[in-house]
Every structure is written in structure tokens, then in C-alpha cells.
Amino acid sequence: MTTANAPALKIIALGGLHEIGKNTWVFEYNDEIMLLDGGLSFPDNMMPGVNVVLPDMTYLRDNKHKIKGMIVTHGHEDHIGAISFHLKQFEIPVIYGPRLAMALLEDKLREAGVLNRTELRRVMPRDIVRVGNSFFVEFIRNTHSIADSFSIAINTPAGMLIHSGDFKVDHTPVDGEFFDLARLAEHGEKGVLCLISDSTNAELPGTTPSERSVYPNLERYILAAKGRVIITTFASSVHRVNMILDIADKQGRVVGVVGRSMLNVIAHARNLGYIKCRDDLFQPLQNLRHYRDDQILILTTGSQGEPMSALTRLSNSSHKQLEIRQGDTVILSANPIPGNTIPVVRTIDRLIALGANVIYGKDKGLHVSGHGSQEDHKLMLALVRPKFFFPAHGELRMLKQHAKMAENMGIPSENIIIAENGDVVAVCQDYMRVVDKVPSGVELVDSSRDGMVKGEVLRDRQQLAGDGIFTIAVSVGLDGKLSTNPDIQLSGVVLPMEHSQIIAAVAKAIDNSLANCWGNFARNVGSLEVDWVGLRGQLERDLTRVLRQQMQSKPMIVFLLQTPPNSTQSAPAPAPKPNALGITLRPGSVKAVAKPEAVAVTNGNGATNAAVTPVTTDAPTLGAVTASAGRRKRTAATV
């Protein structure tokens, strides 16, 4: 399909470079875009209230008219988990992918209410599909930790590309579906312009063991258990689950399944033939009481210490249907991914404290990776023999190591590129280089799975989590003085002084500020007019400055100003006299003019951004509502 003098193909990774997760690729030729995978990742400790992390999709939102379709390599969350969120923002005409991945994706799209925004088409090994006019895509069977996984050959006018997908070279696959290395070699013989390849285990020497190598170790530990066996693994590890079910059947144990994701994956894998077992092997949890403990195996989620997972709730004694008993054997058939070690260890400790015998650790041989090691990578490079090499799916040190391997195998260093998310990489027969940059980064989704957590909201949550919130309500009368003592509410704030001292300090600060600035915001033009918005801003700035001086922490400060109601003076009044601030109240109408109020967030040093909204003053009102959050300047939608 390659044509002479064809324009360069643009390749953009919106996620998956310098990180593990949210794998999202854009292939653009002329005015056509093909997507490959749409993954998510999970929040870290600095993202309070965030449920999932998505790549920044600004570029695709701006170019949604160019999108012709999507290719899915396999069904892991870091490759399909974000697609339902993307479909809420733009349509994808068609999505091609493996049968298992499409079954899992269909559930996600239906639950999110976006199934009608695309067409799902299932493919088989060596199927070739057309996306737009520029992309002809072939699905090449590979081996990975989930069944039904593919490498991808993409034929374009600029040349042939191979995207490895996630892979390892497993010569004894549990499902008998072998890596189609021959087809990769055929493409290598014809000539491959560029290889984009999984770098996850590029630092590890040797080859990654076969999934089947776990079987005898699982069998030995299950056989040695005298009571119930509770096993946790990744729900998507279909091959692992299949082996566990086979062992349970051989040893005369019935199986109870706990966890929604585990139930869904098993159901789909059985329908597609990737898990084969008799129906009565599975028993509802309520039926397990009819069996002896040594006849029970419970398969559950929670291998990564997720707070709401079944295993974590078992360790907390908060599961509604099950509890850990003395003599239970708990087997962790998974290694913690980076960042999850502490919650996993704490879960193990709690299980041990409840009397369980917990079997875990790399030395037990209960888990193998689904990603290839160095010798697997070398085999991929040797078969494909690309002109250009683009290491992907890994943190920077992994990408660098993979690039070094490719160079040692004869690919010139100038033909190897290490890009970042958002880099626009142009590749043609003559070159491969970064030519532009598009918006990259993350989009955060809160626990509602609908609300997007913007940067300022995340900073507010971090501030609240770190130093708490300080709410101050004051009431100012038409005489320019405090009507009552300030009302102070604290949450999560450590005070360097007594509560009464804080109240006194706030009252003194407000009194001093009013004495200095009331004349700037109140004027007599036949009636008293007060710029309550301006006054509120000044009081808030002065108060914040005083509190910052007296407190070692920097809590979020929410300042509430109550303004007086409208009032009229119809009876004859005594001769006007200047008040203490030199303002003469003339006979007749005396009113408080409340200019448009605002919800604002200031930086505590005088700068304020306000979202203006009208406020009526027919009754006492909580007027100017201002939240100060340290040295940041931004507008808040709500306080």
C-alpha cells in the first residue's frame, strides 16, 4: 500500500509513555484519525476523591470529525477502561477488537448509556479490517495474561507499522492459542517501517515464564490446605482463573465467586470457551454452609488491596456474607503493582490477625507477569526487523533500556525515538521525528464516575486533606461595626492557640479593617450606599493576612459576610449627625445597596477572582461568600 512521496504518518500517544496505564494511541493520516486502545489508570494518594485517571482528550475533542474508528488490542482496563468516558464526548463510528474484549466493553458501554454511540465488531486472528481510506489493520494473535490478545499490523500509505500490544512469548499457553510468530516474521520479510513495542519488563533479563508454570504451585498449596481456601488474583487473568477452577474440580472443592468484576469476566470467558468447567462446580455463597470447609474454594477480587474489594472487606470483618475463620488459607496469586504494596501488606496483616494462613510473595511461584522480558523483546525485534523503533508502554527507564536493546540489535540510534505523551511523531520512509506537541496530561473522574475533577478542585481537596477548612462568619451593620461576635467553625485544623483567642483575633482584625476602610466603601448620596462586595473582599484579605501570621498551617479559609436587610425611615428624624466614621445619615430613606454579589476564591494577598451573581436584600443575607486557599488565584464554581 506504500506510495512514493506519500505524506508522513502522524503517531500520537495520549497515554502510556513514561508511565504504566491509560494507553491511548492516535494514528493520523491526512484528515483521518484511527485510535488504538483507550485505557485508564488509577489515582495515587495525591488525588483525594478521584476514582479513575484518564488521558487528556482535548486533541480528539477538537478533531472529532476526523475519527474513523478504533482498534482494541485486548480487554485490560488500561486499554479499554476509558472508552465509555470518551464516547460521552465524541462518537467513534466503529470499534474492532477481540471477542472477549468486546464482550467486556459492551457491558461498560451499556452501563454508561453510550452503547448507541459506536458499533462494536468482533474479530478473529488474521482478520483484516479497513478503517477510513488510509488504514488496513490485521489482528495477529499474541500471548498475554488475558485471553484473546492481539498484536496489530497497520498498513498505511506511508508504510507498514507493527504495534506489539501487551505481550510475552508463551510457548505453552493455557488456552492453546499460540503466539502467531510466523505472521510477524512474514511482515518482517516484506519490510516493516516502524515497530511500536511493549517495554514493561525491558529491565528484566531472560524470558518471562509461561502462565502454565504457576499451575503446580497453586495445586500444591490448595492440596495442603486443611480448611477453606480463599484465592485472589486479577479478575482479567482468565488463564489463571481457569487453572484454579480446574484444580478445585480435581480436588473435590466447590467454588464460590466473590466480586462483580470476577463474576463478569468468568461469565464472558465461559460463553466464549476460554474457561471450561461444569456448571455445578460453582455454588452461591449461601450454599457453601452445606459443605465442609475442606470442600470449599472461594475465588475473590482484591489482590491489590483495593479499599472496597471483597478481600479487603474480609480482612476488615465488614463483608456481609463471609468472614475469615481460624484455619482458612488465603492465597494471593498476584504481585502488588507499584504503589499498591502498602495496602496489600496491611490487608495481609489483618488476615493473619484474624487467624488465616496467608500464602504470598514472589518466592512462592504463584504469579508470573503477562509482559515479556529482555529475550522476548529481542525475539520481537528480530522477527519484525523494523526500520524505525518506537518503545512504548513503560516508564522512562524501561523505554531507555528497550531502546538500548534495539540499538544493540542493529537499529541505528537516529532511527529510535523516545517520545512523551502528546508528542506528534511523524514517520515516513525517510525519517521519524517529533514535529509538534498536542495537549497531554490527565483528566480526573470523581467517585460519581460522571463529574470531572478540574485542577483547581483537586488543589482544593489536597488543601482540605492537608490542613483542613476554617469557616468564619461575620455580620456588619450599617454603622460600619460588627453586629455580633464572629462565628468560627473548624474542621481538620490544628490551632496554635485557644478557640477563644482565635475569636478575639478575628474580631480585632475585622474591627481594625472596618475602621480603616469603611469610608472607602460607604457613601451618602441622599441615602447610604455600601459596596458590600468590595468591602467583603477587603475584609477577607485583611483577615486572611492576620490568620496566616498567627497560624503555622494553611487551611482553606471560607469567609462569610452577613449584610443588613433593607430598611426605611418614614418618621421624622432628628437632625443628622456624623457617625463615628464621619458619615452623615440624612433624613429619609436609609438603604443598603447590595451590588452584585460573588462567589470568589482569593490568594490571600489582595487578588480576587469573582463569579458575579445577584443577591437580594429583602431579608438578612449571607452576602459575600469568599474562600481563600493560600497562594492560589482562581474562580470556584461552588464553595
| field | Sequence-distant lysines (8 or more away, or on other chains) whose Cα lies within less than 24 Å of K481 | value | K508, K577, K591, K595
| For the pair K64 and I128, how long in nm is the line joining their label points, each one 7 Å along Cα→Cβ? | 3.3
| message | Among 260-272, 291-303, how do they line up by average Cβ neighbours within 10 Å per residue, starting with the highest? | response | 291-303, 260-272
| query | Considering only F136, S213, M160, whose Cα is most displaced toward the positive end of the charge dipole of region 112-235, charges sitting on Cβ of Lys, Arg (+1) and Asp, Glu (-1)? | reply | S213
| remark: Carbon plus sulfur, as percent of the 1.4 Å-probe accessible area of region 303-395, comes to 53
| Accessible surface, per residue, of region 476-550 when the full set of protein chains is kept, probe 1.4 Å, Å² | 48
| Under a 1.4 Å probe, what is the accessible area of region 1-157 per residue, stated in Å²? | 34
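Give me the one-decimal Kirkwood hydrodynamic radius in Å for region 175-289, with the sum taken over alpha-carbon pairs.
It works out to 17.1 Å.
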| query | Where does the charge balance sit around F179 when Lys and Arg score +1, Asp and Glu -1, over other residues with C-beta under 10 Å from its C-beta? | reply | -1
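Relative to the compact-globule scaling 2.2 N^0.38 Å, provide the ratio for the alpha-carbon radius of gyration of region 100-192.
1.22
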| message | Assuming 0.36 nm per residue, please report the length gained on full extension of the stretch S369 to N30 beyond their Cα-Cα distance. | response | 118.2 nm
| Protection proxy ranking of 207-214, 76-83, 521-528 - average other beta-carbon atoms within 10 Å, highest first | 76-83, 207-214, 521-528
| Extension gain from D293 to R212, taking 0.36 nm per residue of separation minus the Cα-Cα distance | 26.4 nm
| request: Provide the net charge surrounding S199, with neighbours chosen by a C-beta distance below 12 Å and charges set as Lys +1, Arg +1, Asp -1, Glu -1. | output: -3
| field | Exceeding the 30 Å Cα-Cα cut-off - candidates K108/K404; K108/K190; K68/K437 | value | K108/K404; K108/K190
| request: Return one whole number: the accessible area per residue of region 348-410 in Å², for a 1.4 Å probe. | output: 44
| query | Viscosity 1.567 mPa s, temperature 4 °C: Stokes-Einstein D of region 1-160 from its Kirkwood Cα radius, in µm² per second? | reply | 81
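The values are calculated or read from the model by the stated rules, or taken from the named source; none is laboratory data. Since the model is a prediction, treat every value here as computed from it, not as a measurement. Virtual Cβ from ideal backbone geometry, glycine too; neighbours counted across all protein chains shown. Surface accessibility is based on the protein's heavy atoms, side chains included, excluding ligands, DNA and RNA. Shrake-Rupley method; radii C 1.70, N 1.55, O 1.52, S 1.80 Å.
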